[in-house]
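Please treat every number below as a calculation from the coordinates, not as lab data. Because the structure is predicted, anything quoted here is derived from the model rather than measured. Cβ: placed from backbone, ideal geometry, glycine included. Neighbour counts: every protein chain shown.
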Amino acid sequence: MKKGFDYLKKIKQRFVEYIATNRLFISFVLLSFVMTVLVRNYTIGNPWDYKPIIVDLALILIIGAFGYLFRPQKQFNYYFVWMIIIMLMCVVNSVYYTFYVSFASFGLLSTLSQVGEVTDSLTEKLKLVDFIYVIFPLFFYYIHRMLNSTTYYSMVSKVEKGKKMFAGTLVLGAVLLAFTIVSLTGTDYSRLSKQWNREYIVQRLGIILYQGNDLIQSLTPKISSLFGYDEAVRKFRDFYTELFAEREQEDHTNKYTGILEGKNVIFIHMESMQAFFVDLKINGEEVTPVLNQLTKEGMYFSNFYSQTSTGTSSDTEFTLNTSLMPALSSTVFMSYYNRDYISIEKLLKEKGYYTFSAHGNKGGMWNRDKMHPNLGYDQFFDKEYFDVNSNNTVGLGISDQAFFQQLLPKLEDIEEKHENYMGTIITLSNHSPFAATKDGNPDLYYTYGKLDLTNTYEKVDEETGTVEVVTDDYLEGTKLGNYIHSVHYADLALGEFIEMIKNSDKFNDTVFVFYGDHDAKLRMSEYQYYYNYDVETGIVYQQGDPEYYEYDYYQHELNRRTPLIIWTKDASLRRKLKTVNDNVMGMYDIMPTLGNMMGFENPFALGHDIYDIKEDNVVIFPNGNFLTNYVYYNNSDSAHYVLKEGVELEENYISDLRDYTDKVLDVSNSIIVHDLIKKEGDKLLVGKGETVNE
């Protein structure tokens, strides 16, 4: 018994000695660890999941172990540098997640040049907790000052066995890391190597390992000439050889084949416009009366989804025009703008079309001044071509109303000079921060009248019995409320443009393609507040309340739908186009769908003609999620949500589509990184008797 007590006493003594002689190291570990827990808490919300906790702690111990190789007086400098690195990593990822609902990547550093253009949007979304991590290095410095004012460092110099402490701490960190490594599945390794599901990696392996792995993955394209090319070519050839064989076995003509051949086409890129508002009325007033009318007059795709990554609007432009997915690291417009892509612009130029684009922002925004010519646009009308002043500026630039008014003469001039043309018009006013003002124009968004977002109810005085009518403006000043006002303005400005088109003697042979470039990227809580706020009590219903409206992760993802409408002022052609297609459809399906109608084809398109594939279509998202008419698959949780009751899925339905999703993302990224269409495309098409655009 006595030996047992003596043993416990000895352990206690060693523990006390360890604390006394390793206070700086322990402070570094604890403060760094707390930061990693907090960044997960404020982003993906799983702070106490043991898996990322073990990995983060293991890596902090391994990093900290090397501090023992320095003399005690120099250890602070080493630890402080790492503390700053971890702090910056947490701040950047917290801010990035707030803005993009994703984690930052070294490959995306090139997009930092865009921050100056979207400062209002960025600051509007920032939260104080995004910067809470700054206090930890300050606290660590305070601890160092306290220790330095005592005999701590001189005492440790006499007793510390640096190499022994280094080895012991390193082994402990390695053991913890090994514990995680052996528990990883093949799926985990695949996601870690491809890095396209950032949220899953942080959720499973912690923020430090994610960022370290991201650094390796971001460097890979820079040295792609040294490795990876042969494997990328093999996958490229295998994928398209199989795809070409499948296409040749079927007849891909349908009722819309060639219906738009020889027509001019203008794409209207509607900034941040969601289908959520189509036919939505608030207090009896339509939020988007113009879009509502277009959906009834034209060819409306009611289940259309953008497929953007961190490149947002630029990703949409790229995917629409090439039928490829966004890059998995960085953005195509910033890092891969000099590759050779098959695009709608180039294919129509082969048919004699003049091509142009127009946007009221600076030409350098998202590197459009370089990427647009590479896509095949002959002319880019950027901010310099418009009169932008304090009286017509909203948010990031010229208001949609002024933009359309100044653009119309340019469009009429294009039609007079060119027999056929194709153009893309990119709107700006509905960019976040929504309902923003600039240069003293607080009422510019409300040119057409401000929407009434109030809720009105009758309140009875229990003592007197009198009835009071109470109005609650509960959405005013909220992000969703501002977004609704902004959408309403953008819709009515679009209506003015359409009226100008109708009243012009031009555009009789022109088709307009209206599409929302991406959703508003509002948090799920914004919509939960919208659906569950009780005006009479002022409370927000929570899950479990009888009146609670279920708006969960899957509802939020499905709510990201954006409008897609093909419309023309030609009444005869409009009657032929008029229909509603409710099959799920992605941005990468526009090129092949429109190509079938206009008579052009991209053999390397990853999307499909929706009138060919119909209910069998799959919409793939850059994070590995996918959507069909029957399920929404969440790649982070390896879970799926069945969209239609009573649907029985085949045994391998999910696994087959998951494998297909991996292939598409992998092949698309290989095309972008290794420029495979230019380098290998002709070789692959020789057997088909085709050539690729030069």
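If a helix is a whole DSSP H run, which ones in the chain reach 15 Å or further along their own axis (Cα) and hold a mean Kyte-Doolittle hydropathy of at least 0.0? Show your work: numbers first, answer last.
Details: long enough: 2-21 (28 Å, -0.69); 23-41 (27 Å, 1.68); 50-65 (22 Å, 1.94); 72-100 (42 Å, 0.77); 135-148 (19 Å, 0.82); 162-181 (28 Å, 1.53); 198-219 (23 Å, 0.15); 229-248 (28 Å, -1.08); 312-322 (16 Å, -0.75); 400-417 (25 Å, -0.78); 479-503 (36 Å, 0.06); 653-674 (31 Å, -0.05).
Long hydrophobic helices here: 23-41, 50-65, 72-100, 135-148, 162-181, 198-219, 479-503.
Residues in segment 568-598, backbone N under 20 Å from the label point at LEU643 (7 Å along the Cα-to-beta-carbon vector): list them, ranges by number please.
The answer is 579-594, whose backbone nitrogens lie closer than 20 Å to the label point.
What 222 nm value per residue comes from the helices of the chain, counting each DSSP H run with n ≥ 4 as -39,500 (n - 2.57) and dividing by all residues, nearest 500 deg cm²/dmol?
-15000 deg cm²/dmol
Report the antiparallel proportion of the DSSP beta bridges in the chain as a percent, rounded to a multiple of 5.
Rounded to the nearest five, the antiparallel share is 50 percent.
Report the semi-axes of the equivalent ellipsoid for the chain in whole Å, largest first, where each axis is √(5λ) for an eigenvalue λ of the Cα gyration tensor.
Values: eigenvalues 492, 222, 123 Å².
Its equivalent ellipsoid spans semi-axes of 50, 33, 25 Å.
Can you pick out the pairs among LYS51/LYS163; LYS263/LYS410; LYS51/LYS235; LYS296/LYS521; LYS51/LYS74; LYS410/LYS450 whose Cα atoms lie more than 25 Å from each other? Walk me through the intermediate numbers first.
Details: LYS51/LYS163 29 Å; LYS263/LYS410 19 Å; LYS51/LYS235 33 Å; LYS296/LYS521 27 Å; LYS51/LYS74 33 Å; LYS410/LYS450 31 Å.
LYS51/LYS163; LYS51/LYS235; LYS296/LYS521; LYS51/LYS74; LYS410/LYS450, as the Cα separations exceed 25 Å there.
Sort 70-77, 302-309 for me by packing, meaning the mean count of neighbouring Cβ atoms within 10 Å per residue, highest on top. Could you put the intermediate results ahead of the total?
On the way: 70-77: 16.4, 302-309: 23.2.
Order by mean packing, descending: 302-309, 70-77.
Taking R0 as 56 Å, what FRET efficiency do you get between ASN148 and LEU219 from their Cβ-Cβ distance, rounded to the nearest 0.05? Show your work: numbers first, answer last.
On the way: r = 38 Å, r/R0 = 0.69.
Using R0 = 56 Å, I get an efficiency of 0.90.
At R0 = 41 Å, how high is the FRET efficiency between LEU30 and VAL182 if r is their beta carbon distance? Nearest 0.05 is fine. Can you show the working numbers first?
On the way: r = 27 Å, r/R0 = 0.65.
Result of the calculation: an efficiency of 0.95.
Only four residue types carry charge here, +1 at the Cβ of Lys and Arg and -1 at the Cβ of Asp and Glu. Report the dipole size of the chain about the Cα centre in Debye, rounded to the nearest 20.
Numbers: 64 positive and 90 negative charges, 992 e Å.
With Lys and Arg at +1 and Asp and Glu at -1, about 4760 debye.
Ranking request for peptides 577-590, 419-432, 626-639, 654-667: highest mean number of other beta-carbon atoms within 10 Å first, then the rest in descending order. List each step's numbers first, then the result.
Values: 577-590: 21.1, 419-432: 23.4, 626-639: 18.5, 654-667: 16.9.
Per-residue mean Cβ counts within 10 Å order the peptides as 419-432, 577-590, 626-639, 654-667.
For GLU246 and SER504, compute 0.36 nm times the residue count separating them, minus their Cα-Cα distance, and round to one decimal in nm. Could the numbers behind the result be given before it?
Details: separation 258, 0.36 × 258 = 92.88 nm, distance 4.56 nm.
The GLU246-SER504 span can extend by a further 88.3 nm.
Arranged by the count of other C-beta atoms within 10 angstrom, fewest first, what order do SER572, SER313, SER32, SER504 take?
Working: SER572 7, SER313 23, SER32 27, SER504 15.
Ranked by crowding around the Cβ, least crowded first: SER572, SER504, SER313, SER32.
Determine, for each peptide in 316-326, 172-182, 542-552, 599-609, the mean count of other beta carbons within 10 angstrom over its residues, then list the peptides with the highest first. Can you show the working numbers first?
Values: 316-326: 27.4, 172-182: 14.8, 542-552: 10.8, 599-609: 21.3.
Per-residue mean Cβ counts within 10 Å order the peptides as 316-326, 599-609, 172-182, 542-552.
Just from the alpha-carbon atoms, what are the Rg and Dmax of segment 13-57 in angstroms?
Both quantities, over Cα of segment 13-57: 13.3, 41 Å.
Suppose we take every Cα in segment 466-549 and form the convex hull; what volume per residue is that in Å³? Walk me through the numbers before you get to the answer.
On the way: hull volume 13.7 nm³, N = 84.
Hull volume normalised by residue count: 163 Å³.
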